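Novice: Before we start, here is the structure in question, set down as structure tokens.
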Amino acid sequence: MGRKEMIAMLLAGGEGKRLGVLTKDLAKPAVYFGGKYRIIDFTLSNCAHSGIDTVGVLTQYQPLELNRYLGIGSPWGLDRRDGGMTILPPYVKQKGGVWYKGTANAIYQNMAFIERYDPEYVLIISGDHIYKMDYELMLDHHKRSGADVTIAGIEVDWKEASRFGVMHIDDEDRVTAFEEKPKNPTSNIASMGVYIFTWTELQKYLIYDEASRSSSHDFGKDLIPSMMRDGKRLHSYPFKSYWKDVGTIESLWEANMDLLADEPPLELADPSWRIYSVNPNQPAQHIGASAEVSASLITEGCLIEGEVDRSVLFYGVRAAKNSLIAESVVMPNVRIGEGARIYRAIIGEGAVIQAGVIIGSPDDNAITVVAVDQYVTNDHLLREVEHS
Amino acid sequence: MKHKVMGVINLIHETDELEQLTQGRCLATVPFGARYRLIDFVLSSMVNSGISKVAVFAHTKYRSLMDHLGSGKHWDLQHRQSGLFVLPPATDDIQEISRGDLYHFYQQRDFFNRSTLDYVVITRSHMVCNIDFEKVIQYHLEREADITVVCKQQDSLAGKARKVSMDDEGRITAIQDHYGRMTSDISSMEMYVMHKDLLMELVETSLAQGQDHLVRHAIFSRLDKLKIYGYMYEGYLGIVNTLTSYYRNSMNLLRPEVWKELFYQPGPIYTKVKDEPPARYLENSKATNSLIANGCRIEGTVVNSILFRGVHVQKGAIVSNSIIMQNGMVGENSFVQHSILDKDVRVEAYRDIRGADSSPFLAGKRKII
């Protein structure tokens, strides 16, 4: 097998606990986003556009739906003869197997996979974020600076900074200090969890980290700080475009709403940077004679006879006459009955909202979540619908 | 499929009165229904019926056909042993290309002879329908027919089709071309089921007798010698081979019951995947009674219209009773009514384009208005 300059390892085992019922049977990277995508489509499309043809996808939590979705990687051009997409679940070894204990340990357990390709660089990414990024430019940056590891960094709101690993950098983008989720952050440059390692260095530190008893085997908590302590060259790659961690109901809802702006911060319709996804094979959407649609994203296979305002609709949604969907995200194949009104909600795939049901309220800022395949009637509203 | 059946989509000398729409493409690849090409309907029907070996007899202007079908993987026809075969004319003499389809079937006889499949379903590309061929084969076997012709009873036809009359048993007694004098409300859907051996025999004997056309000569002339039965198709049918029928049948898709049936029952219709984002409706946009594909951007008003992938209707523009194909653009405050705009047509700002319901205005590919 030929040598690869860089391969990607995509961490897709995230449970997405804070997404509640949306991730009950689904890994976070498989959660729907943006009218026809799943979160992981963004990172995989980034790989496709960055010329990366070898991607190991590390799965762990609820992988069934995710595995089925990824298949052999064809939608992202990753069904390749040499390389392509390989799904890497935890496995049993001669001395017994263990779950992935942390992000670094997940890569450690798959060192043999990386060694097969003998790459110079390894890109570590996760399937949890919405952004468009050319990893090739980041690799150029990494090569130019001669760093051992390059960490993509983005400026975040100061009040958000404590949720992330934050970096102090000097004039040449060299990282002078790194703190994982500090209580009182002294910098607002957050690590995006996107790393390019020179493979020989990563290899060394993975082995070293695995041997450490006190380590929690996490890149941000353990491996990066230990490289920092050893005086390795850590550089930051400044990223200035849209990047969103959709880890909570609020942020998932917000990120969907971001797409509806007149000039959206994340443009899905850029022909030079298509977001690839599995195609649902549905006919063009039918906007009925009694429909009213404004400021919304609607996908193939929808049959709309009611009103849709500032909402994102996935494929196969049927909205009956006199229904209203406002400021909501409606996932695939949801049925909305006559006269039903939905305000500020996320409706899970396949849910049925009976005629006349009212979800949320125009005066309430809270976001209501309806679980996958829920049948919502007026009587069962409180019991069936989970309020966030 | 229980039975061993292969499909042939025969594009040789297909009736085509679509004017500019087929100037640079064959009838089979005329865009239809906001995101499909005509051939998708019969091809998807074959796939959904369990036919996994399909030959497309390309004839002329087949660049767009090759581009659209590719390896066949979007129709799940990329298999190790069977799958999709696009077969352009196999002849070393350019004169021979214009010969009838019997000659071309003969040239492609290896395709049939090499196959281990017993039955052949031969169709055209311009019948917009969603049909289960398994049922047709079943009927063919029950009747012990030599040939089964798929027919449709329909009062008014927008397109041109052969007329069929049959007896109480369903045996076909007469077939005439669309201009024939016979009065019958039964049309042929130009779909023929027969045993492969019979097809090969018909091709060889008819050619030897100096005949040219499979249906008109080889089949019409044998109504008394062969048991030829009609299978009545009950689903939605649109015959698209004239510009009027193209427009009428497109507009029919705006009826929700047609949309629900044609695109879903008995199986989905597949097409080449384009990875367009969801359609985007901006504040103050208006859309009613329309079919809109992904990748569209609607800032103006769209009424009773069909918009293909990537169409942009700018602010203040009004599109009504029109069909706008892929990547079309209607500029600010323009008015487009009763029009068919082929791919990549740009209507600049403040234009007023009106056709008539009975005779829509047609703009060719890449035209700037």
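Novice: Given (1) out of contact with any strand residue (DSSP E or B) (no Cβ under 6 Å at 6 or more places or on another chain); (2) within 14 Å of chain B (Cβ to nearest Cβ), identify the lone condition not met by A:VAL92.
Specialist: Tallying (1) out of contact with any strand residue (DSSP E or B) (no Cβ under 6 Å at 6 or more places or on another chain); (2) within 14 Å of chain B (Cβ to nearest Cβ), A:VAL92 fails exactly one: (2).
Novice: List, please: which pairs have Cβ atoms under 8 Å, are six or more places apart or on different chains, and start with a residue in segment A:138-166 that is of a type in the set (S, T, N, Q) and end with one that is in a helix (DSSP H, G or I) and open to solvent by 20 Å² or more (accessible area, probe 1.4 Å)?
Specialist: A:THR150/A:HIS141
Novice: Further question on the same structure: Please go through segment B:305-353 and pick out each residue that is hydrophobic (A, V, I, L, M, F, W, C) and under 21 Å from the mean Cα position of the chain (by Cα).
Specialist: Step one: of segment B:305-353, the residues hydrophobic (A, V, I, L, M, F, W, C) are B:306-308, B:311, B:313, B:317-319, B:323-325, B:329-330, B:335-336, B:340-341, B:345, B:347, B:349, B:353.
Hits for segment B:305-353 are B:ILE306, B:LEU307, B:PHE308, B:ILE323, B:ILE324, B:MET325, B:ILE340, B:LEU341.
Novice: I've got another one for you. Which residues, counting only those in segment A:282-299, are part of a strand (DSSP E or B), open to solvent by 10 Å² or more (accessible area, probe 1.4 Å) and not polar (S, T, N, Q)?
Specialist: A:GLU292
Novice: Given (1) in a helix (DSSP H, G or I); (2) within 14 Å of chain A (Cβ to nearest Cβ); (3) open to solvent by less than 60 Å² (accessible area, probe 1.4 Å), where does B:PHE220 come up short, assuming only one miss?
Specialist: (2)
Novice: Something else about it: Return the pairs, sorted by first residue and then second, in which the second residue is of a type in the set (Val, Ile, Thr) and open to solvent by 10 Å² or more (accessible area, probe 1.4 Å), the first residue lies in segment A:291-311 and is more than 11 Å from B:ALA279 (Cα to Cα) and within 8 Å of chain B (Cβ to nearest Cβ), the beta carbons are less than 8 Å apart, and the residues are 6+ apart or on different chains.
Specialist: So the pair list comes out as A:ALA291/B:THR288; A:GLU292/B:THR288.
Novice: Can you name the residue in segment B:119-153 that is open to solvent by 10 Å² or more (accessible area, probe 1.4 Å) and in contact with a strand residue (DSSP E or B) (Cβ under 6 Å, 6 or more places away or on another chain) and, of all such residues, is nearest to B:HIS68 (Cα to Cα)?
Specialist: Residue satisfying both the conditions and the ranking: B:ARG124.
Yes/no per residue for (1) at positive phi; (2) out of contact with any Gly (no Cβ under 6 Å at 6 or more places or on another chain); (3) open to solvent by 10 Å² or more (accessible area, probe 1.4 Å):
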residue	(1), (2), (3)
A:PRO280	no, yes, yes
A:GLY301	yes, no, no
A:ASP309	no, yes, yes
A:VAL329	no, yes, no
A:ASN333	yes, no, yes
A:VAL352	no, yes, yes
A:ASP363	no, yes, yes
A:ALA366	no, yes, yes
A:ASP379	no, yes, yes
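Novice: Here is a check on your reading of the model: is A:ASN333 assigned to a loop (DSSP other than H, G, I, E, B) and under 22 Å from A:ILE359 (Cα atoms)? Walk me through how you get there before you give the answer.
Specialist: Working: assigned to a loop (DSSP other than H, G, I, E, B): yes; under 22 Å from A:ILE359 (Cα atoms): yes.
Criteria met by A:ASN333.
Novice: Residues that are in contact (Cβ under 8 Å) with a residue 12 or more places away in the chain, farther than 23 Å from B:GLU261 by Cα and of a type in the set (A, V, I, L, M, F, W, C): does segment B:158-169 have at least one?
Specialist: Yes, the conditions are met somewhere in segment B:158-169.
Novice: Quick check, is B:GLN209 open to solvent by 20 Å² or more (accessible area, probe 1.4 Å), touching a His at 6+ places or on another chain (Cβ under 9 Å) and at pLDDT below 95?
Specialist: yes
Novice: Return the pair list, or none, for Cβ contacts closer than 6 Å from residues in segment B:209-223 that are closer than 18 Å to B:THR15 by Cα to residues that are hydrophobic (A, V, I, L, M, F, W, C), at least 6 apart or on different chains.
Specialist: Final answer for the pair search is B:ASP212/B:LEU102; B:LEU214/B:LEU102; B:PHE220/B:ILE175.
Novice: Is it the case that some residue within segment A:15-26 is surrounded by fewer than 24 Cβ atoms within 10 Å (Cβ to Cβ) and within 21 Å of A:ASN110 (Cβ to Cβ)?
Specialist: Yes, that holds for at least one residue.
Novice: I'd like the full set of residues that are outside any helix (DSSP H, G or I) and either of a type in the set (Gly, Ala, Ser) or open to solvent by 30 Å² or more (accessible area, probe 1.4 Å) (or both), limited to segment A:219-242. Quick ask: steps written out before the conclusion?
Specialist: At the first step, the residues of segment A:219-242 found to be outside any helix (DSSP H, G or I) are A:230-242.
Correct list: A:ASP230, A:GLY231, A:LYS232, A:ARG233, A:SER236, A:TYR237, A:PRO238, A:LYS240, A:SER241, A:TYR242.
Novice: So which residues in segment B:243-263 are of a type outside the set (Lys, Arg), more than 14 Å from every other protein chain (Cβ to nearest Cβ) and buried (at least 18 other Cβ atoms within 10 Å of the Cβ), if there are any at all?
Specialist: Residues of segment B:243-263 of a type outside the set (Lys, Arg): B:243-247, B:249-254, B:256-259, B:261-263.
Right, trim to more than 14 Å from every other protein chain (Cβ to nearest Cβ) and you get B:243-247, B:249.
Passing the criteria: B:LEU243, B:SER245, B:TYR246, B:TYR247, B:ASN249.
Novice: Mind listing whichever residues of segment A:311-327 are crowded, with 17+ Cβ neighbours inside 10 Å and in a loop (DSSP other than H, G, I, E, B)? Quick ask: steps written out before the conclusion?
Specialist: Taking segment A:311-327 and keeping what is crowded, with 17+ Cβ neighbours inside 10 Å, we get A:311-320, A:323-327.
Within segment A:311-327, A:SER311, A:PHE314, A:TYR315, A:GLY316, A:VAL317, A:ALA320, A:SER323, A:GLU327 meet the criteria.
Novice: Output the number of residues of segment A:49-86 satisfying the condition of being open to solvent by 40 Å² or more (accessible area, probe 1.4 Å), small (Gly, Ala, Ser) and not in a loop (DSSP other than H, G, I, E, B).
Specialist: 1
Novice: When segment A:253-278 is examined, which residues are found to be more than 10 Å from every other protein chain (Cβ to nearest Cβ), buried (at least 16 other Cβ atoms within 10 Å of the Cβ) and part of a loop (DSSP other than H, G, I, E, B)?
Specialist: Hit for segment A:253-278 is A:LEU266, nothing else.
Novice: Which one of these is closer than 17 Å to B:HIS217 by Cβ and among the hydroxyl-bearing types (Ser, Thr, Tyr): B:SER165, B:SER184, B:SER188?
Specialist: Working: B:SER165 fails: closer than 17 Å to B:HIS217 by Cβ; B:SER184 fails: closer than 17 Å to B:HIS217 by Cβ.
On inspection, the qualifying residue turns out to be B:SER188.
Novice: Taking segment A:72-101 on its own, how many of its residues are in contact (Cβ under 8 Å) with a residue 40 or more places away in the chain and over 18 Å from the mean Cα position of the chain (by Cα)?
Specialist: 5
Novice: It is to be established whether one or more residues within segment B:181-197 are touching a residue at least 40 places away in the same chain (Cβ under 8 Å), at positive phi, surrounded by 16 or more Cβ atoms within 10 Å (Cβ to Cβ) and assigned by TED's automatic domain parsing to the domain that holds B:TYR119.
Specialist: Yes, some residue in segment B:181-197 is touching a residue at least 40 places away in the same chain (Cβ under 8 Å), at positive phi, surrounded by 16 or more Cβ atoms within 10 Å (Cβ to Cβ) and assigned by TED's automatic domain parsing to the domain that holds B:TYR119.
Novice: Could you tell me whether A:VAL329 is within 14 Å of chain B (Cβ to nearest Cβ) and under 28 Å from B:LYS274 (Cβ atoms)?
Specialist: yes
Novice: Right, something else. Which number in (1) part of a loop (DSSP other than H, G, I, E, B); (2) over 15 Å from B:ILE298 (Cα atoms) marks the one condition that B:ASN327 misses?
Specialist: (2)
The values are calculated or read from the model by the stated rules, or taken from the named source; none is laboratory data. For clarity, every value in this text was computed on a predicted model and none was experimentally measured. Backbone-built Cβ (ideal geometry, glycine too); neighbour counts: all protein chains shown. In case anyone asks, the SASA skips ligands and DNA or RNA and just uses the protein heavy atoms, side chains included. Shrake-Rupley method; radii C 1.70, N 1.55, O 1.52, S 1.80 Å.
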